[in-house]
Amino acid sequence: MSAEELLARTADGQRKFVGIDLSSIELFEADLEGINLESCNLTKAYIPYANLNQANLKGCNLVEVNMGDIQLYQADLSDTNITQGDLSRANLRNANLRGANLFRVNLLGANLYNADLRDTDLRSGDMKGANLERAKLDYAKLGWCNLFRAQKVDLSMAEHDHTTISPDGY
């Protein structure tokens, strides 16, 4: 489906687009609040500055996606594959990322306040300066993850080791 068709259908009120191929789609600054893209293929999609607040992206393939500065407030990204994706400065407040594959993802400066990151793979990720206040990191894998200057991080239930760069830089 093309970006033009998706935007036209959403303008007409359609919100459900389950399991379709949207790979390499360009949706810069698109307003897709509340859209249902469950199980869609968004590999290499370009979606920076878009509004996907309260969107359903459960089970999506978001490999190498560019979602910098995106709004994903209360979005469901559980069980997604966001390997090598760019979510720098993304608003992920109250988002559900439970069970997501975030290997080598860029979350630089992202707002993950109260986000559910339980059982996620954040290995080799960049979370410098991210807000992790009240974020649930139970059983999240944080090996080689960079948390330098991340705010209000609770690693008590996370899987981390000497390769994890803590908020104080060690």
A careful count of residues in the range 45-55 that are surrounded by fewer than 19 Cβ atoms within 10 Å (Cβ to Cβ) and either in a loop (DSSP other than H, G, I, E, B) or among the acidic types (Asp, Glu) (or both) gives 2
Considering the range 32-65, residues that are farther than 18 Å from Arg93 by Cβ and of a type in the set (Asp, Glu), and then whichever is farthest from the chain's Cα centre (by Cα), we arrive at Glu38
Screening Lys152, Lys136, Lys141 for residues that are among the basic types (Lys, Arg), within 23 Å of Gln71 (Cα to Cα), over 11 Å from the mean Cα position of the chain (by Cα) and surrounded by 19 or more Cβ atoms within 10 Å (Cβ to Cβ) leaves only Lys136
In the range 110-133, anything among the small types (Gly, Ala, Ser) and crowded, with 19+ Cβ neighbours inside 10 Å is listed as Ala110, Ala115, Gly125, Ala130
Margin query: I'd like to know if the range 111-132 contains one or more residues that are under 20 Å from Lys58 (Cβ atoms), among the aromatic types (Phe, Trp, Tyr) and without any contact (Cβ under 8 Å) to a residue 60 or more places away in the chain.
Written below: no
| query | Of the residues that make up the range 56-76, is at least one among the polar types (S, T, N, Q) and assigned to a loop (DSSP other than H, G, I, E, B)? | reply | yes
Flagged in the range 7-22 as assigned to a loop (DSSP other than H, G, I, E, B) and either surrounded by 12 or more Cβ atoms within 10 Å (Cβ to Cβ) or touching a residue at least 12 places away in the same chain (Cβ under 8 Å) (or both), in numbering order, are Gln14, Arg15, Phe17, Val18, Gly19, Ile20, Leu22
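A short reminder: the numbers here are calculations on the coordinates, not readings from a lab. Bear in mind that the values here come from a model prediction, so they are computed numbers and not experimental data. Note that each Cβ is placed from the backbone with ideal geometry, even for glycine, and that neighbours are counted across all protein chains shown.
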